[in-house]
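Novice: Attaching a single structure in structure tokens format; questions to follow.
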Amino acid sequence: MERFVEEKEFRGEVCGGKEKVKERKEGTEGEAKFVSLTTLLLLLRLSIAVELDVRGSERQCDYKPKLQPRPHSVSILEFGAAGDGKTLNTIAFQNAIFYLKSFADKGGAQLYVPPGKWLTGSFNLTSHLTLFLARGAVILGSQDMAHWEVVEPLPSYGRGLELPGGRYRSLINGYMLDDVVITGDNGTINGQGSVWWDWFISHSLNYSRPHLVEFISCKDIVVSNLTFLNAPAFNVHPVYCSNVQVQNISVYAPPGSPYTVGIVPDSSVSVCIENCSISTGYDAISLKSGWDEYGIAYGRPTESVHIKQVYLQSSSGSALALGSEMSGGISDVLIELLYIYNSFCGIEFRTTKGRGGYIKGIVISGADMTNVHTAFAATGQSGSHPDNNFDPNALPILQQITLENAIGTNITLAGNFSGIQESPFTSICLSNISLSVTSSSCSFSTSWVCSNVLGSSQLVLPEPCPEFSNSSLSCSPSLLDSDGQAVAL
């Protein structure tokens, strides 16, 4: 919890204003409005976006996995489950998965969840499995803490994110699995997280909160065509994974839900996030790769990430965040066609002394922002440390960042770039950016705040800080090819 408290106190400095936290409300009215309106607005806004001509090798989202029907299928009803919203179905899910494990070498199997409200505690998946939620099917996370097993912390973090020691196991889990699909006909996974938020705020927890879906050391994962509601913490968390596709999902947690995050690729490679609509209490999408000395020792970067056509809203964090836990490194990331609205920060890079690692080779192109306090931010003073064993001389590197083809209306602060004196942020290229900054809150000369940063700019309004006047850096529009090299449009 210490990490989050310190980071939250700092956010007023990062994004240049006082944080506003709206009243939390977990209700069907807000959820229904979110699902219907965001789907419509996403299609409208992205339909008029400028098409990007991506040359070179295919990116992660250009590969469309073909979901072949599994040769075997069973319904959760066959294992005694009851969809009344009251009966605990944990054993039914566990027994069903155990039975379907026997079909792993026979082409795999599908577990069908019909319409109804299926209350459950944590359960594990198996390889070569499809978990299919029918329209009207809702998996409900139990609000009884005893139904969530406590497990060891992730090795790249060394402890729980919020508290020292272990963490609660996520609702739906995969460990060292291959070929797993969680999909449906817009079925719902509802974590019923309000009790966890209350426990977190009242300091009543002994372990870090669970997530909704977590894959650890898995490959060939698909999460698609679902709605995620009210996660205790993260919604979809692939960690140490490869070949992950997250497509066509909606994620919602109310504005006051503390540190709820949408999709979190963590020390994972070859990740696609596409056609998703996400509104959360903290970050909508956050890329991570381990925490201080634990992340450095584990040495698993997040790389080859493609994020495309996403609709993001963040109440108190950032719509799109990289870090601050990035000690294993984050590189080769292409993000294109994103719409950000009603958010505290739009796009933010986070790190601090002691992290080590790097954030480099990032291209973000085609951002449309509306009602955002700070459009772009990069800070070298974000977050705390897992313990006192971190190396204060482990300085992170942030370089080779391209931000291009962005527009924004009703923006309070265009950018806040605050690097580290001993390790300045370098090679940050801004091009073709037009932001309408509210005159009542920031004068033209103070629309950008910069220190310990070096970059260049071309066709950027309002005009950025002098630190972005290095003419030796090229800021021509570019994307990344499969080797992480810039490719001109």
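Novice: So, L403, is that one more than 15 Å from A367 (Cβ to Cβ) and aliphatic (A, V, I, L, M) or not?
Specialist: Against the criterion (more than 15 Å from A367 (Cβ to Cβ) and aliphatic (A, V, I, L, M)), L403 does not qualify.
Novice: Could you list all residues from the stretch 129-149 that are closer than 26 Å to Y294 by Cβ and either within 20 Å of the chain's Cα centre (by Cα) or crowded, with 19+ Cβ neighbours inside 10 Å (or both)?
Specialist: W148
Novice: So which of S343, S327, S331 is in contact with an Asp or Glu (Cβ under 9 Å, 6 or more places away or on another chain) and either part of a loop (DSSP other than H, G, I, E, B) or within 21 Å of S436 (Cα to Cα) (or both)?
Specialist: Working: S343 fails: in contact with an Asp or Glu (Cβ under 9 Å, 6 or more places away or on another chain); S331 fails: either part of a loop (DSSP other than H, G, I, E, B) or within 21 Å of S436 (Cα to Cα) (or both).
Answer to the check: S327.
Novice: Within the stretch 240-262, take every residue that is out of contact with any Ser or Thr (no Cβ under 6 Å at 6 or more places or on another chain) and farther than 25 Å from Q68 by Cα and give me the one that is modelled with the lowest pLDDT.
Specialist: Ranking the qualifying residues of the stretch 240-262, first place goes to G256.
Novice: Moving on to the next point. Considering only residues that are more than 20 Å from N248 (Cβ to Cβ) and either in contact with a Leu (Cβ under 8 Å, 6 or more places away or on another chain) or open to solvent by 10 Å² or more (accessible area, probe 1.4 Å) (or both), which ones fall in the stretch 329-350? Write out each step before concluding.
Specialist: We begin by selecting, within the stretch 329-350, every residue more than 20 Å from N248 (Cβ to Cβ); these are 329-333, 342-350.
Within the stretch 329-350, I330, S331, D332, V333, N342, S343, F344, G346, I347, E348, F349, R350 qualify.
Novice: Read through the list (1) in contact with a Pro (Cβ under 6 Å, 6 or more places away or on another chain); (2) open to solvent by 10 Å² or more (accessible area, probe 1.4 Å), then give the number of the only condition that A414 fails.
Specialist: It fails just one condition, (2).
Novice: Could you list all residues from the stretch 272-310 that are touching a His at 6+ places or on another chain (Cβ under 6 Å) and on the phi > 0 side of the Ramachandran plot?
Specialist: Of all residues in the stretch 272-310, those touching a His at 6+ places or on another chain (Cβ under 6 Å) come to 272, 292.
Residue satisfying the conditions is D292 alone.
Novice: I'm told V271 meets every condition in (1) outside any strand (DSSP E or B); (2) surrounded by 24 or more Cβ atoms within 10 Å (Cβ to Cβ); (3) not small (G, A, S) except one. Can you identify the failing condition by its number?
Specialist: Failed condition: (1).
Novice: Further question on the same structure: For residues that are at pLDDT 95 or above and either buried (at least 18 other Cβ atoms within 10 Å of the Cβ) or part of a loop (DSSP other than H, G, I, E, B) (or both), tally how many sit in the stretch 438-456. Before you say what the answer is, go through the steps one by one.
Specialist: Let us first name the residues in the stretch 438-456 that are at pLDDT 95 or above, namely 448-456.
If we keep only those that are either buried (at least 18 other Cβ atoms within 10 Å of the Cβ) or part of a loop (DSSP other than H, G, I, E, B) (or both) too, we end up with 448-450, 452-456.
Within the stretch 438-456, residues that are at pLDDT 95 or above and either buried (at least 18 other Cβ atoms within 10 Å of the Cβ) or part of a loop (DSSP other than H, G, I, E, B) (or both) number 8.
Novice: Still on this structure, I have one more. Starting from residues that are touching a helix residue (DSSP H, G or I) at 6+ places or on another chain (Cβ under 9 Å) and part of a strand (DSSP E or B), keep the ones in the stretch 379-400 and report whichever is most open to solvent (accessible area, probe 1.4 Å). Before the answer, list the steps.
Specialist: So in the stretch 379-400, the residues touching a helix residue (DSSP H, G or I) at 6+ places or on another chain (Cβ under 9 Å) come out as 379, 381-387, 389-391, 394.
Okay, now just the ones that are also part of a strand (DSSP E or B), so 379, 381.
Numbers: T379: 3, Q381: 70 Å².
Only one residue fits best here, namely Q381.
Novice: Considering only residues that are crowded, with 24+ Cβ neighbours inside 10 Å and not β-branched (V, I, T), which ones fall in the stretch 282-303?
Specialist: From the stretch 282-303, those crowded, with 24+ Cβ neighbours inside 10 Å are 282-292, 295, 302; that's our starting set.
Selection gives Y282, D283, A284, S286, L287, K288, S289, G290, W291, D292, G295.
The values are calculated or read from the model by the stated rules, or taken from the named source; none is laboratory data. Keep in mind that what you see is a predicted model, and the values were worked out from it rather than measured. FYI the Cβ positions are ideal-geometry reconstructions off the backbone, even for glycines, and counts take in every protein chain you see. Remember, those area values only see protein heavy atoms, side chains included, never the ligands or the DNA or RNA. Shrake-Rupley method; radii C 1.70, N 1.55, O 1.52, S 1.80 Å.
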